[in-house]
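S.K.: For reference, the structure I am asking about is given below.
The values are calculated or read from the model by the stated rules, or taken from the named source; none is laboratory data. Just so you know, these numbers come straight off a predicted model, no measurement behind them. Cβ placement follows ideal geometry from the backbone for every residue including glycine, while neighbour counts extend to all protein chains displayed. When the accessible area is computed, the model is the full protein with side chains, heavy atoms only, and any ligands, DNA or RNA have been set aside. Shrake-Rupley method; radii C 1.70, N 1.55, O 1.52, S 1.80 Å.
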Amino acid sequence: MTPSPDPAPDLDQARPLGDIVLRPVRGHAFESCVEQLATAIRLGVFAYGAALPPERELAERMGVARATLREAIAGLRAAGMVRTTRGRGGGTVVAYRPTAPGEPRPDGGIAERREELLDSLVFRRVVEPGACHLAASRELSASERMLLTTALAAVDGAADPAEHRQADSRLHLAIAGVTGSPRTVAAVTDVQACLHDMLQAIPVLDVNIEHSGAQHRAIVTAILGGDPTRARRAMEQHCDDTAALLRGLLG
């Protein structure tokens with residue numbers, strides 16, 4: 001009998017996805033902090049209205065001085081992605097509102113990045129099926145299983161296309177997260193950022209959303225059932241279908 005995904009539990013009981021996605025920065029600390037935090041916000045790891053973790057926790061997680069982190073948050077604030085309140089009960093809250101796929105983009109689109117983005121589809125076909133195979137090969141903890149089932153439930157229960165787009169990204173990041181491999185998480189985060197930009201540039205197609213949802217459920221079921229081959233093949237099909245759609249609509 002085919003195992004089914006576990007019932008979706010309370011998100012607060014699962015390990016925060018931000019703890020998995022954010023990693024020690026490399027290169028120039030300020031710019032790397034801005035890049036990581038902005039990507040996490042755009043992909044919905046920190047959704048609209050959510051509070052960012054305290055500065056001390058973020059600085060430790062990213063391996064930077066608190067002064068550097070404050071400068072990065074100031075940059076995000078200047079870009080309108082977060083807002084900060086001071087005093088007791090204050091903190092930094094996400095102000096970025098996701099837009100529905102297919103809506104006009106203020107940055108003029110993605111034509112100038114076409115080759116880079118299309119190549120990211122090739123890289124994704126290598127990385128994400130491998131992540132699924134690895135995840136399904138591991139003995140997942142209760143927290144890791146909870147992370148997957150909660151992320152899957154969020155995709156299925158998304159109220160609108162903008163919310164669905166971010167929930168979709170979070171599911172893929174959650175799968176990478178349960179591999180236990182930080183390098184895999186970093187690679188999947190990079191390809192999901194590129195994929196997000198491409199999917200934002202095409203209209204929402206209900207049939208594709210239905211197909212994608214069925215594939216997501218098959219992927220998570222295979223991982224939770226400990227079937228690496230089936231998990232990899234399900235993700236390969238998912239990557240191939242998404243790539244075909246994007247290449248067809250983006251040209």
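S.K.: Pick from region 140-172 the residues that are in a helix (DSSP H, G or I) and acidic (Asp, Glu): which of them is nearest to the chain's Cα centre (by Cα)?
M.R.: Ranking the qualifying residues of region 140-172, first place goes to ASP168.
S.K.: Then there is this: Taking region 12-45 on its own, how many of its residues are open to solvent by 20 Å² or more (accessible area, probe 1.4 Å), assigned to a loop (DSSP other than H, G, I, E, B) and not small (Gly, Ala, Ser)?
M.R.: So the count comes out to 8.
S.K.: Now for a different question. Between residues in region 66-80 that are more than 14 Å from VAL25 (Cβ to Cβ) and residues that are modelled with pLDDT under 95 and surrounded by fewer than 13 Cβ atoms within 10 Å (Cβ to Cβ), which pairs lie under 6 Å by C-beta distance while being six or more apart or on different chains?
M.R.: Taking only residues 6 or more apart or on different chains, not a single pair turns up.
S.K.: Can you name the residue in region 157-176 that is open to solvent by 10 Å² or more (accessible area, probe 1.4 Å) and touching a helix residue (DSSP H, G or I) at 6+ places or on another chain (Cβ under 6 Å) and is also farthest from LEU224 (Cα to Cα) among such residues?
M.R.: Ranking the candidates gives ALA158 first.
S.K.: Filter region 46-56 down to the residues that are surrounded by 17 or more Cβ atoms within 10 Å (Cβ to Cβ) and within 13 Å of LEU69 (Cβ to Cβ) and list them by number.
M.R.: LEU52, PRO53
S.K.: Kindly list, by first and then second residue, each pair from a residue in region 40-57 that is more than 19 Å from VAL188 (Cβ to Cβ) to a residue that is among the hydroxyl-bearing types (Ser, Thr, Tyr), limited to pairs with Cβ atoms under 6 Å and residues at least 6 apart or on different chains.
M.R.: LEU52/THR92
S.K.: Considering region 140-156 alone, what residues qualify as being open to solvent by 30 Å² or more (accessible area, probe 1.4 Å) and touching a residue at least 12 places away in the same chain (Cβ under 8 Å)?
M.R.: Scanning region 140-156 gives SER143, GLU144, ARG145, MET146, ALA153, ALA154, ASP156.
S.K.: Between ILE209, ILE175, ILE202, which is in a helix (DSSP H, G or I), over 18 Å from ARG124 (Cα atoms) and β-branched (Val, Ile, Thr)?
M.R.: ILE209
S.K.: Being closer than 18 Å to GLY18 by Cα and modelled with pLDDT of 95 or more, is that true of even one residue in region 154-162?
M.R.: Yes.
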